[in-house]
Amino acid sequence: MTAVVEAPPSPEPPSTRTRAQQRSAAWKRRAPLLPALLFTIAVTQVPFLVTVFYSFQSWNMVRPGSRHFVGFDNYVDVFTDSVFLSALGNTVTITVVCVLVAMLLGLGLALLLDRQFLGRGIVRTLLITPFLILPAAGALLWKTTMFDPTYGLLNWAFGIEVEWLSDYPLAAVMTQIVWQWTPFMMLLILAGLQAQSREVLEAAQVDGAGRWRTFVSITLPQLSRYLQLAVLLGAIYIVNSFDAIFLMTQGGPGTASTNLPYYIYQRAFEGFDVGQSSAMGVVVVAMTLIVATFALRLMFRAFDVSRGVK
């Protein structure tokens, strides 16, 4: 006689009531975040959508009744505007040079501060100070005390008479921005240096590796993630530099130091051209997103999101 083995009963699917309770619990966890989400949408996405809408309009506020739909004409005018292209070139130059120089200086200062010496806390505080100063205050400080042709410290120190803001406007602006952002780079890189394994460094020293070989083979790969983060954040912030140009050179002489944020300001608040300034703003946001996305993909190669940090 063959015994009949009954299969175990299949587990019952969760009841509708249980699913409702899970959804309710999930909404209760997310509810405290809704005000912040709504506020972020209200102050970022809504103005951007309005800007996109205005970018398809021809509207100059000094000419009443001139507002009408022009489609993509504003975007065509933007990419054929020689001043816009010049401002774009200045923006790329300022961003690339300032980020690289600030990162190299920050790396050097971080390597010095990673060592033990008397008064290290005081030196670290003093080096961080430029980043804590308001950008507008820093720009005025450099304009009046460093670059002034009569009373400036640079002319006094070198014994020369140079109109820095007239003869070298772009270099003067980049010098102030580098001074402002070097402490930021230094802090990020210093965090990476202090996260190193001291046992690995001691093992390299025991094996006879010199300082340069230890730095190239151990320290620099360890710092790669922090350097990429510094470049990404520095580029996003520096590409939007406005205070230094507005207060030091006002984009001059001519358009020699005009960047995209300052040129958009000129078209919007001095030329009252809402349509073209909105189109320029949309173009700048699109370019920034492209660069940020590319940089983030590079970072994700160092940070394996699915399995943790490599």
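The values are calculated or read from the model by the stated rules, or taken from the named source; none is laboratory data. This structure is a prediction, so every number in the text was calculated from the model and none was measured. Backbone-built Cβ (ideal geometry, glycine too); neighbour counts: all protein chains shown.
Of the residues making up the range 206-217, not a single one is in contact with a helix residue (DSSP H, G or I) (Cβ under 6 Å, 6 or more places away or on another chain), small (Gly, Ala, Ser) and more than 17 Å from Asp243 (Cβ to Cβ).
Considering the range 218-246, and only residues there that are crowded, with 18+ Cβ neighbours inside 10 Å and of a type in the set (Val, Ile, Thr), the residue that is nearest to Leu109 (Cα to Cα) turns out to be Thr219. The condition (being out of contact with any Ser or Thr (no Cβ under 7 Å at 6 or more places or on another chain), modelled with pLDDT of 85 or more, hydroxyl-bearing (Ser, Thr, Tyr) and closer than 19 Å to Val282 by Cβ) is satisfied by just one residue among Thr40, Thr51, Thr80: Thr80. Annotation note: of Ala244, Ala157, the sole residue that is within 30 Å of Leu289 (Cβ to Cβ) and of a type outside the set (Asp, Glu) is Ala244. At least 3 residues being charged (D, E, K, R) is the threshold, and among the helices (runs of 4 or more DSSP H) wholly inside the range 137-241 those reaching it are 198-206.
Okay, residues lined up against (1) within 22 Å of the chain's Cα centre (by Cα); (2) without any contact (Cβ under 8 Å) to a residue 12 or more places away in the chain; (3) closer than 25 Å to Tyr226 by Cβ:
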residue: Gly152; (1), (2), (3): no, no, no
residue: Ile160; (1), (2), (3): no, yes, no
residue: Trp164; (1), (2), (3): no, no, no
residue: Leu170; (1), (2), (3): yes, no, no
residue: Thr175; (1), (2), (3): yes, no, yes
residue: Gln180; (1), (2), (3): yes, no, yes
residue: Leu188; (1), (2), (3): yes, no, yes
residue: Ala195; (1), (2), (3): no, no, yes
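Taking each residue of the range 197-212 that is touching a residue at least 24 places away in the same chain (Cβ under 8 Å) and looking for partners that are of a type in the set (Val, Ile, Thr) and surrounded by 12 or more Cβ atoms within 10 Å (Cβ to Cβ) with beta-carbon atoms closer than 8 Å, six or more apart or interchain, yields nothing.
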